[in-house]
Amino acid sequence: MDIKIRSVEERDFAQIVELFKEFATFEKLPEKMTNSVDKMLAEKDFFTCFVAETGDKKIVGYATYFFCYYTWIGKSLYMDDLYVKPEYRASGIGTMLINKVIEFARHSQCRKLRWQVSGWNKPAIGFYTNIGATIEDTEHNCDLILD
């Protein structure tokens, strides 16, 4: 399978939004997906993402990320989402995407890479544990929606 991992471009936004919808449904939270191509275009300076693209230019996975600063450790990278379409899973694409994020974090001199995984998603937990991640259950998300 010919897969290229590259940085997202504006021309990808429509495909990315469709993948966001798929991921929200996979997470059993489709009602929480309110993003749109128009929002992404307006906020493009804040959107960073690597995409997995097939030879025919179809985006079949993505990893979104952003810089953050943790008071205890310093400059870090937060990976917000890692998603691969179901029919492309178990083919190494998830590994390629997370390795690209890890490489970017190291190149950017980050001290830590952080992300979340749903407690019910046992395959993802196994995948992350296999690459050496520590999965903690000491903190809970706190969201304040400002719309």
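May I ask you to list the chymotrypsin sites (Phe, Trp or Tyr not before Pro) in segment 64-104 that are in a DSSP loop and have at most 13 other Cβ atoms within 10 Å of their Cβ?
Passing sites in segment 64-104 are TRP72.
In terms of modelled amide H atoms, which long-range or inter-chain residues lie less than 5 Å from the amide H of ARG6?
VAL51, GLU53
Using the Kirkwood formula on the Cα atoms of segment 51-99, what hydrodynamic radius do you get, in angstrom to one decimal?
About 12.1 Å, per the Kirkwood formula over Cα pairs.
Could you give me the ³J(HN,Hα) list for segment 38-48, computed from phi with Karplus coefficients 6.51, -1.76, 1.60 and θ = phi - 60°, whole Hz, x at Gly and Pro?
Residue by residue, segment 38-48 yields 4, 4, 5, 5, 5, 10, 4, 5, 9, 9, 10 Hz.
So which lysines can LYS44 reach, going by Cα to Cα under 29 Å and dropping same-chain residues fewer than 8 places off?
List returned: LYS4, LYS21, LYS28, LYS32, LYS57, LYS58, LYS75, LYS85, LYS100, LYS112.
Karplus couplings for segment 6-16 from phi (6.51 cos²θ - 1.76 cosθ + 1.60, θ = phi - 60°), rounded to Hz, Gly and Pro as x?
Whole-Hz 3J(HN,Hα) from phi for segment 6-16: 8, 6, 5, 10, 3, 4, 8, 4, 5, 5, 5.
Per residue of the chain, what 222 nm ellipticity follows from adding -39500 (n - 2.57) for every DSSP H run with n ≥ 4, rounded to the nearest 500?
My calculation for the chain gives -9000 deg cm²/dmol from helical runs alone.
Based on the alpha carbon coordinates of the chain, what radius of gyration and maximum Cα-Cα distance (Dmax) apply, in Å?
Radius of gyration, then largest Cα-Cα span, for the chain: 15.3, 44 Å.
When the dipole is taken about the Cα centre of the chain, and only Lys, Arg (+1) and Asp, Glu (-1) are charged at their Cβ, what size is it in debye, to the nearest 20?
Dipole magnitude for the chain comes out near 500 debye.
Exactly which GluC sites (Glu not before Pro) in segment 86-147 are in a DSSP loop and have at most 13 other Cβ atoms within 10 Å?
GLU136, GLU139
Assuming 0.36 nm per residue, please report the length gained on full extension of the stretch ILE73 to GLU27 beyond their Cα-Cα distance.
13.6 nm
Could you work out the equivalent-ellipsoid semi-axes for segment 72-123, taking the square root of 5 times each eigenvalue of the Cα gyration tensor, largest first, in whole Å?
23, 14, 7
Quick note: the coordinates plus some simple rules give every number you see, no bench work behind them. Nothing here was measured: the structure is a model prediction, and the numbers come from that model. A quick note on method: Cβ atoms are made from the backbone with ideal geometry, for glycine too, and the neighbour counts reach across all protein chains shown.
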